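Everything on this sheet refers to the single structure shown next.
The values are calculated or read from the model by the stated rules, or taken from the named source; none is laboratory data. Source: prediction; values computed, not measured. Because the Cβ atoms are built from the backbone with ideal geometry, glycine has one as well, and the counts that use them run over all protein chains shown. What goes into the accessible areas is simple: the full protein's heavy atoms, side chains included, and nothing from ligands, DNA or RNA. Shrake-Rupley method; radii C 1.70, N 1.55, O 1.52, S 1.80 Å.
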Amino acid sequence: MTNSESRSAENQTFSDHFILVGFSYLNKLQILLFLVFSVIYLFTVMGNLFIILLIKVNSSLQTPMYFFVVNLSFSEMCYTTSVFPQLLIHLVVEEKTISIAGCAAQMYIFFFMGLTACCLLAAMAYDRYVAICHPLHYTTILSGRTCVQLAGASWIIGILVAGSQTMWLFSQPFCGSNRVHHYFCDSQTVEKMLCNYSWQNVFMSLSRLVLFVLGPFILIILSYVRIISTILKLSSVEGRHKAFSTCSSHLTVVTLIYGTGLLGTLNHTSSSTSDNFHLISLLYTVLTPMLNPIIYGLRNKDVHGAFRNTIGKVIFSHKRRC
(Lines give C-alpha, C1' and ligand atoms only; values in the text may rest on other atoms or scores of the structure.)
Protein backbone atom coordinates (compact mmCIF):
# COMPACT_ATOMS: atom_id res chain seq x y z
CA MET A 1 0.00 0.00 0.00
CA THR A 2 1.34 3.46 -0.93
CA ASN A 3 1.59 6.37 1.51
CA SER A 4 -1.38 8.17 -0.08
CA GLU A 5 -3.53 5.02 0.18
CA SER A 6 -2.50 4.60 3.82
CA ARG A 7 -3.47 8.21 4.61
CA SER A 8 -6.78 7.75 2.82
CA ALA A 9 -7.55 4.68 4.89
CA GLU A 10 -6.75 6.59 8.08
CA ASN A 11 -9.09 9.40 7.04
CA GLN A 12 -11.93 6.92 6.60
CA THR A 13 -11.52 5.55 10.15
CA PHE A 14 -12.24 8.96 11.70
CA SER A 15 -15.86 9.61 12.68
CA ASP A 16 -17.86 12.56 14.05
CA HIS A 17 -16.85 11.97 17.66
CA PHE A 18 -13.85 11.33 19.89
CA ILE A 19 -13.34 8.50 22.37
CA LEU A 20 -11.75 9.79 25.59
CA VAL A 21 -9.69 6.83 26.76
CA GLY A 22 -9.01 8.47 30.12
CA PHE A 23 -8.81 6.02 33.02
CA SER A 24 -10.20 3.02 31.11
CA TYR A 25 -7.07 1.03 31.93
CA LEU A 26 -8.02 1.06 35.65
CA ASN A 27 -11.11 -1.10 35.01
CA LYS A 28 -13.08 -1.63 38.27
CA LEU A 29 -11.08 1.05 40.10
CA GLN A 30 -12.98 3.63 38.03
CA ILE A 31 -15.90 3.38 40.49
CA LEU A 32 -13.59 4.30 43.37
CA LEU A 33 -12.23 7.20 41.30
CA PHE A 34 -15.80 8.32 40.64
CA LEU A 35 -16.47 8.57 44.39
CA VAL A 36 -13.17 10.34 45.12
CA PHE A 37 -13.53 12.83 42.24
CA SER A 38 -17.17 13.51 43.14
CA VAL A 39 -16.14 14.57 46.66
CA ILE A 40 -13.25 16.66 45.30
CA TYR A 41 -15.48 18.37 42.72
CA LEU A 42 -18.17 19.13 45.30
CA PHE A 43 -15.57 20.52 47.71
CA THR A 44 -14.01 22.66 44.96
CA VAL A 45 -17.29 24.19 43.82
CA MET A 46 -18.67 24.73 47.33
CA GLY A 47 -15.34 26.10 48.62
CA ASN A 48 -14.96 28.66 45.84
CA LEU A 49 -18.65 29.58 46.07
CA PHE A 50 -18.23 30.07 49.84
CA ILE A 51 -15.31 32.47 49.27
CA ILE A 52 -17.33 34.46 46.69
CA LEU A 53 -20.42 34.77 48.93
CA LEU A 54 -18.38 35.61 52.04
CA ILE A 55 -16.61 38.45 50.22
CA LYS A 56 -19.89 39.74 48.76
CA VAL A 57 -21.74 39.93 52.11
CA ASN A 58 -18.89 41.45 54.16
CA SER A 59 -18.16 45.14 53.73
CA SER A 60 -14.71 44.66 55.33
CA LEU A 61 -13.71 42.57 52.31
CA GLN A 62 -14.87 45.07 49.70
CA THR A 63 -11.33 45.92 48.62
CA PRO A 64 -9.54 45.62 45.24
CA MET A 65 -7.64 42.51 46.35
CA TYR A 66 -10.80 40.59 47.22
CA PHE A 67 -12.56 41.88 44.12
CA PHE A 68 -9.91 40.01 42.12
CA VAL A 69 -10.21 36.98 44.44
CA VAL A 70 -13.94 36.78 43.56
CA ASN A 71 -13.08 36.80 39.86
CA LEU A 72 -10.36 34.18 40.34
CA SER A 73 -12.63 31.90 42.39
CA PHE A 74 -15.35 32.12 39.74
CA SER A 75 -12.87 31.30 36.97
CA GLU A 76 -11.55 28.33 38.97
CA MET A 77 -15.09 26.98 39.44
CA CYS A 78 -15.75 27.19 35.69
CA TYR A 79 -12.28 25.79 34.92
CA THR A 80 -12.83 22.61 36.91
CA THR A 81 -16.47 22.32 35.76
CA SER A 82 -15.29 22.21 32.14
CA VAL A 83 -13.58 18.87 32.91
CA PHE A 84 -15.18 17.16 35.92
CA PRO A 85 -18.83 16.47 34.88
CA GLN A 86 -17.67 14.76 31.67
CA LEU A 87 -14.96 12.86 33.57
CA LEU A 88 -17.43 11.62 36.21
CA ILE A 89 -19.85 10.38 33.55
CA HIS A 90 -17.10 8.53 31.69
CA LEU A 91 -15.99 6.78 34.86
CA VAL A 92 -19.35 4.98 35.16
CA VAL A 93 -20.36 4.39 31.52
CA GLU A 94 -18.95 1.96 29.01
CA GLU A 95 -19.08 4.26 25.97
CA LYS A 96 -16.69 7.15 26.66
CA THR A 97 -17.50 9.30 23.64
CA ILE A 98 -17.73 13.05 23.13
CA SER A 99 -18.90 14.83 19.99
CA ILE A 100 -16.47 17.03 18.10
CA ALA A 101 -18.64 20.05 18.98
CA GLY A 102 -18.63 19.01 22.66
CA CYS A 103 -14.87 18.56 22.55
CA ALA A 104 -14.44 22.04 21.05
CA ALA A 105 -16.72 23.55 23.72
CA GLN A 106 -14.83 21.82 26.53
CA MET A 107 -11.48 22.91 25.14
CA TYR A 108 -12.69 26.49 24.69
CA ILE A 109 -13.92 26.83 28.29
CA PHE A 110 -10.75 25.19 29.61
CA PHE A 111 -8.59 27.60 27.56
CA PHE A 112 -10.75 30.58 28.40
CA MET A 113 -10.70 30.07 32.17
CA GLY A 114 -7.01 29.13 32.29
CA LEU A 115 -5.90 32.22 30.36
CA THR A 116 -8.22 34.47 32.37
CA ALA A 117 -6.80 33.11 35.63
CA CYS A 118 -3.25 33.93 34.48
CA CYS A 119 -4.24 37.51 33.64
CA LEU A 120 -6.12 37.90 36.94
CA LEU A 121 -3.02 36.78 38.84
CA ALA A 122 -1.05 39.53 37.07
CA ALA A 123 -3.72 42.07 38.08
CA MET A 124 -3.52 40.83 41.67
CA ALA A 125 0.28 41.22 41.61
CA TYR A 126 -0.22 44.83 40.47
CA ASP A 127 -2.65 45.30 43.37
CA ARG A 128 -0.03 44.10 45.85
CA TYR A 129 2.62 46.29 44.19
CA VAL A 130 0.49 49.43 44.59
CA ALA A 131 -0.51 48.50 48.17
CA ILE A 132 3.10 48.06 49.31
CA CYS A 133 5.06 50.45 47.10
CA HIS A 134 2.49 53.29 46.90
CA PRO A 135 0.25 52.82 49.98
CA LEU A 136 -0.77 56.50 50.23
CA HIS A 137 -2.12 56.47 46.68
CA TYR A 138 -3.65 52.97 46.81
CA THR A 139 -7.31 53.98 46.71
CA THR A 140 -6.63 56.59 44.03
CA ILE A 141 -4.66 54.31 41.70
CA LEU A 142 -6.81 51.23 42.22
CA SER A 143 -10.22 52.84 42.06
CA GLY A 144 -13.34 50.78 41.46
CA ARG A 145 -13.27 51.71 37.79
CA THR A 146 -9.63 50.63 37.40
CA CYS A 147 -10.33 47.27 39.07
CA VAL A 148 -13.27 46.63 36.74
CA GLN A 149 -11.11 47.54 33.73
CA LEU A 150 -8.30 45.17 34.81
CA ALA A 151 -10.70 42.31 35.48
CA GLY A 152 -12.62 43.03 32.27
CA ALA A 153 -9.39 43.01 30.24
CA SER A 154 -8.51 39.62 31.77
CA TRP A 155 -11.85 38.12 30.75
CA ILE A 156 -11.75 39.66 27.26
CA ILE A 157 -8.24 38.33 26.62
CA GLY A 158 -9.42 34.88 27.69
CA ILE A 159 -12.50 35.03 25.44
CA LEU A 160 -10.62 36.21 22.34
CA VAL A 161 -7.48 34.07 22.61
CA ALA A 162 -9.35 30.89 23.55
CA GLY A 163 -11.89 31.50 20.80
CA SER A 164 -9.31 32.05 18.08
CA GLN A 165 -7.21 29.05 19.17
CA THR A 166 -10.20 26.69 19.34
CA MET A 167 -11.68 27.86 16.02
CA TRP A 168 -8.30 27.51 14.32
CA LEU A 169 -7.78 24.00 15.67
CA PHE A 170 -11.26 22.64 14.86
CA SER A 171 -11.37 24.21 11.40
CA GLN A 172 -8.75 21.68 10.28
CA PRO A 173 -9.36 18.03 9.33
CA PHE A 174 -8.52 15.16 11.67
CA CYS A 175 -6.97 11.87 10.56
CA GLY A 176 -6.41 8.41 11.92
CA SER A 177 -7.91 6.96 15.08
CA ASN A 178 -10.46 9.04 17.02
CA ARG A 179 -9.19 7.75 20.38
CA VAL A 180 -7.92 10.60 22.59
CA HIS A 181 -5.50 9.28 25.20
CA HIS A 182 -6.66 11.67 27.88
CA TYR A 183 -9.66 12.15 30.19
CA PHE A 184 -10.62 15.50 28.57
CA CYS A 185 -10.08 17.34 25.29
CA ASP A 186 -6.63 18.71 25.95
CA SER A 187 -5.38 20.91 23.10
CA GLN A 188 -1.88 19.46 22.85
CA THR A 189 -3.28 15.93 22.63
CA VAL A 190 -5.97 16.77 20.06
CA GLU A 191 -3.50 18.82 17.96
CA LYS A 192 -1.48 15.68 17.27
CA MET A 193 -4.54 14.15 15.58
CA LEU A 194 -4.61 16.81 12.84
CA CYS A 195 -3.95 15.61 9.28
CA ASN A 196 -1.50 18.47 8.67
CA TYR A 197 0.15 18.57 12.12
CA SER A 198 3.41 20.47 11.52
CA TRP A 199 5.75 23.16 12.82
CA GLN A 200 2.97 25.72 12.24
CA ASN A 201 0.86 24.03 14.93
CA VAL A 202 3.81 24.06 17.32
CA PHE A 203 4.47 27.73 16.52
CA MET A 204 0.83 28.68 17.23
CA SER A 205 0.89 26.87 20.58
CA LEU A 206 4.22 28.42 21.59
CA SER A 207 3.04 31.91 20.58
CA ARG A 208 -0.03 31.57 22.80
CA LEU A 209 2.10 30.23 25.65
CA VAL A 210 4.67 33.05 25.45
CA LEU A 211 2.23 35.95 24.98
CA PHE A 212 -0.67 35.06 27.25
CA VAL A 213 0.75 32.67 29.84
CA LEU A 214 4.40 33.69 30.25
CA GLY A 215 3.51 37.35 29.62
CA PRO A 216 1.41 37.68 32.81
CA PHE A 217 4.02 35.64 34.70
CA ILE A 218 6.77 38.11 33.72
CA LEU A 219 4.56 40.98 34.96
CA ILE A 220 4.10 39.11 38.25
CA ILE A 221 7.87 38.63 38.61
CA LEU A 222 8.56 42.32 37.87
CA SER A 223 5.92 43.38 40.41
CA TYR A 224 7.46 41.22 43.12
CA VAL A 225 10.97 42.45 42.37
CA ARG A 226 9.74 45.96 43.23
CA ILE A 227 7.67 44.68 46.19
CA ILE A 228 10.59 42.78 47.76
CA SER A 229 12.92 45.72 47.16
CA THR A 230 10.49 48.04 48.98
CA ILE A 231 9.88 45.61 51.87
CA LEU A 232 13.60 45.12 52.51
CA LYS A 233 13.97 48.88 52.92
CA LEU A 234 11.49 48.93 55.81
CA SER A 235 13.21 49.51 59.17
CA SER A 236 10.62 47.64 61.24
CA VAL A 237 10.81 43.83 61.38
CA GLU A 238 7.12 43.73 62.20
CA GLY A 239 6.39 45.95 59.20
CA ARG A 240 8.36 43.65 56.88
CA HIS A 241 6.58 40.59 58.24
CA LYS A 242 3.15 42.20 57.80
CA ALA A 243 3.98 43.27 54.25
CA PHE A 244 5.18 39.79 53.30
CA SER A 245 2.10 38.18 54.87
CA THR A 246 -0.23 40.21 52.64
CA CYS A 247 1.44 38.63 49.61
CA SER A 248 1.69 35.04 50.86
CA SER A 249 -1.71 33.83 49.61
CA HIS A 250 -1.21 35.31 46.15
CA LEU A 251 2.34 33.91 45.87
CA THR A 252 1.11 30.46 46.91
CA VAL A 253 -1.61 30.45 44.23
CA VAL A 254 0.85 31.72 41.57
CA THR A 255 3.31 28.96 42.49
CA LEU A 256 0.59 26.31 42.30
CA ILE A 257 -0.91 27.43 38.99
CA TYR A 258 2.34 28.07 37.15
CA GLY A 259 4.19 25.18 38.79
CA THR A 260 1.57 22.57 37.87
CA GLY A 261 1.14 24.17 34.43
CA LEU A 262 4.89 23.92 33.79
CA LEU A 263 4.89 20.26 34.84
CA GLY A 264 2.01 19.61 32.45
CA THR A 265 3.79 21.32 29.55
CA LEU A 266 7.05 19.44 30.18
CA ASN A 267 5.06 16.23 30.46
CA HIS A 268 3.58 16.77 27.00
CA THR A 269 7.01 17.22 25.44
CA SER A 270 8.50 14.15 27.13
CA SER A 271 7.92 10.48 26.46
CA SER A 272 6.28 9.79 29.83
CA THR A 273 3.85 6.92 30.35
CA SER A 274 0.08 7.47 30.25
CA ASP A 275 -0.08 6.84 34.03
CA ASN A 276 2.33 9.71 34.76
CA PHE A 277 0.64 11.82 32.09
CA HIS A 278 -2.76 11.54 33.78
CA LEU A 279 -1.40 12.06 37.28
CA ILE A 280 0.43 15.25 36.32
CA SER A 281 -2.64 16.53 34.44
CA LEU A 282 -4.71 16.02 37.61
CA LEU A 283 -2.44 18.49 39.40
CA TYR A 284 -3.66 21.46 37.37
CA THR A 285 -7.23 20.30 36.70
CA VAL A 286 -7.96 19.15 40.27
CA LEU A 287 -5.41 20.32 42.84
CA THR A 288 -5.17 24.06 42.10
CA PRO A 289 -8.95 24.85 41.93
CA MET A 290 -9.49 22.77 45.10
CA LEU A 291 -6.74 24.51 47.09
CA ASN A 292 -7.73 28.05 46.06
CA PRO A 293 -10.51 28.43 48.72
CA ILE A 294 -8.25 26.84 51.35
CA ILE A 295 -5.43 29.29 50.64
CA TYR A 296 -7.68 32.35 50.65
CA GLY A 297 -9.79 30.99 53.51
CA LEU A 298 -7.82 29.05 56.11
CA ARG A 299 -4.61 31.06 55.66
CA ASN A 300 -6.18 34.54 55.59
CA LYS A 301 -6.84 36.54 58.78
CA ASP A 302 -9.21 38.98 57.04
CA VAL A 303 -11.38 36.12 55.79
CA HIS A 304 -11.27 34.49 59.24
CA GLY A 305 -12.51 37.71 60.82
CA ALA A 306 -15.23 38.18 58.21
CA PHE A 307 -16.40 34.59 58.69
CA ARG A 308 -16.61 35.01 62.48
CA ASN A 309 -18.57 38.26 62.06
CA THR A 310 -20.98 36.61 59.63
CA ILE A 311 -21.56 33.65 61.96
CA GLY A 312 -22.03 36.07 64.87
CA LYS A 313 -24.64 38.05 62.94
CA VAL A 314 -26.50 34.89 61.99
CA ILE A 315 -26.55 33.64 65.60
CA PHE A 316 -27.59 37.06 66.92
CA SER A 317 -30.36 37.34 64.33
CA HIS A 318 -31.61 33.84 65.22
CA LYS A 319 -31.68 34.65 68.95
CA ARG A 320 -33.67 37.84 68.29
CA ARG A 321 -36.29 35.87 66.39
CA CYS A 322 -36.53 33.36 69.26
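Relative contact order (percent) for region 68-189, with alpha-carbon contacts under 8 angstrom and 6 or more residues of separation? Can you show the working numbers first?
Working: 81 pairs, mean separation 45.8, N = 122.
Over region 68-189, the number comes to 38 percent.
In Å, the Kirkwood hydrodynamic radius of region 152-241 over pairs of distinct alpha carbons? Write down the numbers at each step before the final one.
Working: mean 1/r = 0.0607 Å⁻¹.
Computed over Cα pairs of region 152-241, the Kirkwood hydrodynamic radius comes out at 16.5 Å.
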Cβ crowding within 10 Å averaged over residues, with 140-148, 116-124 ranked highest first: 116-124, 140-148
Considering only protein heavy atoms and a probe of 1.4 Å, how much of the accessible area of region 147-253 is carbon and sulfur, as a whole percent? 72
For Val39 and Ser177, extending 7 Å from Cα along the Cα-Cβ vector and measuring point to point gives, in nm, a value of 3.4
For the chain, go through all pairs of different Cα atoms, get the mean of 1/r, take its inverse, and jot down that Kirkwood value in Å. 21.8
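How do the peptides 101-112, 26-37 rank, highest first, by the average count of neighbouring beta carbon atoms within 10 Å per residue?
Details: 101-112: 19.4, 26-37: 13.0.
So the peptides 101-112, 26-37, ranked by packing, come out 101-112, 26-37.
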Accessible surface, per residue, of the chain when the full set of protein chains is kept, probe 1.4 Å, Å²: 53
If I model a spin label at Ile294 and Ser99 as a point 7 Å from the Cα along the Cα→Cβ vector, what separation in nanometres do I get? 3.8
Quick calc: nm separation of the 7 Å Cα→Cβ label points for Leu283 and Asn196 -> 3.6
Expressed as a whole-number percentage, the relative contact order of the chain with C-alpha contacts under 8 angstrom and at least six residues apart is 28
Sorted by accessible surface (1.4 Å probe, heavy atoms of the protein chains only), largest first, Tyr66, Tyr79 come out as Tyr79, Tyr66
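Sort out the exposed loop GluC sites (Glu not before Pro) in the chain (DSSP loop, at most 11 other Cβ within 10 Å) and tell me the longest stretch that has none.
Working: sites that count: Glu94, Glu95.
The answer is 96-322.
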Using mean Cβ contacts within 10 Å as the protection proxy, how do 195-203, 38-46 order, highest first? 38-46, 195-203
Which percent of the Cα-Cα distances in region 36-156 go past 22 Å? 46
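Calculate for the chain the 222 nm mean residue ellipticity that helices alone would give, adding -39,500 (n - 2.57) per DSSP H run of length 4 or more and normalising by residue count, nearest 500 deg cm²/dmol. Please list the in-between numbers first.
On the way: 14 runs with 239 residues, N = 322.
Helix-only estimate at 222 nm: -25000 deg cm²/dmol.
Report the full-extension gain for the segment Val237 to Leu251: residue separation times 0.36 nm, less the Cα-Cα distance, to one decimal in nm. If you can, show how the numbers build up before the last one.
Numbers: separation 14, 0.36 × 14 = 5.04 nm, distance 2.03 nm.
Full-extension gain reported as 3.0 nm.
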